[in-house]
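Colleague: I am attaching a structure below and will ask some questions about it afterwards.
The values are calculated or read from the model by the stated rules, or taken from the named source; none is laboratory data. Treat the numbers as computed from the prediction; the structure is a model and nothing was measured. FYI the Cβ positions are ideal-geometry reconstructions off the backbone, even for glycines, and counts take in every protein chain you see.
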């Protein structure tokens, strides 16, 4: 089954404690992205990657890091989380070959930083 | 830069009735795609319908259809014969056909279908 997986699905942590949210896709997609969703703001892109070792900032990259060492994986790293990073996070993947560049979304990760 | 505006934060509709969700956008791109995503309480992002900007014909998917007005930069979603399962947050999004295919989302419309 074609899918994007994220782990963990829920995470409660404290300010300053480094964390990583993993994302993996099994569709051999070139493009992968991270979005955060906040009430009243919709989804905003954090970082994206066009292929292995190629990453770039989205609209709200401050406080986040990413890496793309393998095509299927695109982890999101919060080196020193702060309460304003409490949000719902989505990973997505797509390919130039997919219909109308459709993005496939993971199930989301609810992060709470206290 | 691309922006998407959804001016209706919340809407409600009676079961079996028709409802239209509005969306306007702005872009300097010539080639782009428009999407409506549904987010039920499970939080999963589900693609409802998509439209290629270069196509004049409005897209339809069963009970869902769009009214795409390119000159007005408008992309509204019509849901016919509304069902309880349509209760969700709906996001309008625009994507470009170049670069990394990033999506720009509106702020969403929360739709409630009333039995």
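Colleague: Scanning for something crowded, with 17+ Cβ neighbours inside 10 Å, within 11 Å of another protein chain (Cβ to nearest Cβ) and under 23 Å from residue B:106 (Cα atoms), does the range A:49-56 turn up at least one residue?
Modeller: Yes: one or more hits.
Colleague: Of B:28, B:80, B:76, B:42, which residue is buried (at least 16 other Cβ atoms within 10 Å of the Cβ) and either out of contact with any helix residue (DSSP H, G or I) (no Cβ under 6 Å at 6 or more places or on another chain) or farther than 29 Å from residue A:6 by Cα (or both)?
Modeller: B:76
Colleague: Same structure again: Among the strands (runs of 3 or more DSSP E) confined wholly to the range B:1-75, which include 3 or more residues that are more than 11 Å from chain A (Cβ to nearest Cβ)?
Modeller: Working: elements: B:3-5, B:10-14, B:19-21, B:24-26, B:32-39, B:46-52, B:64-69.
Answer list for the range B:1-75: B:10-14, B:19-21, B:24-26, B:64-69.
Colleague: Looking at (1) more than 14 Å from the chain's Cα centre (by Cα); (2) at pLDDT 95 or above; (3) buried (at least 18 other Cβ atoms within 10 Å of the Cβ), find the lone condition where residue A:29 falls short.
Modeller: (2)
Colleague: Taking the criterion of being surrounded by fewer than 17 Cβ atoms within 10 Å (Cβ to Cβ) and not in a loop (DSSP other than H, G, I, E, B), would at least one residue in the range B:87-109 satisfy it?
Modeller: No, the range B:87-109 contains no residue that is surrounded by fewer than 17 Cβ atoms within 10 Å (Cβ to Cβ) and not in a loop (DSSP other than H, G, I, E, B).
Colleague: While we're on this one: For the range A:47-90, give me each residue that is in a strand (DSSP E or B) and free of Cβ contacts under 8 Å to residues at least 40 places away in the same chain.
Modeller: A:47, A:48, A:49, A:50, A:51, A:54, A:55, A:56, A:57, A:65, A:66
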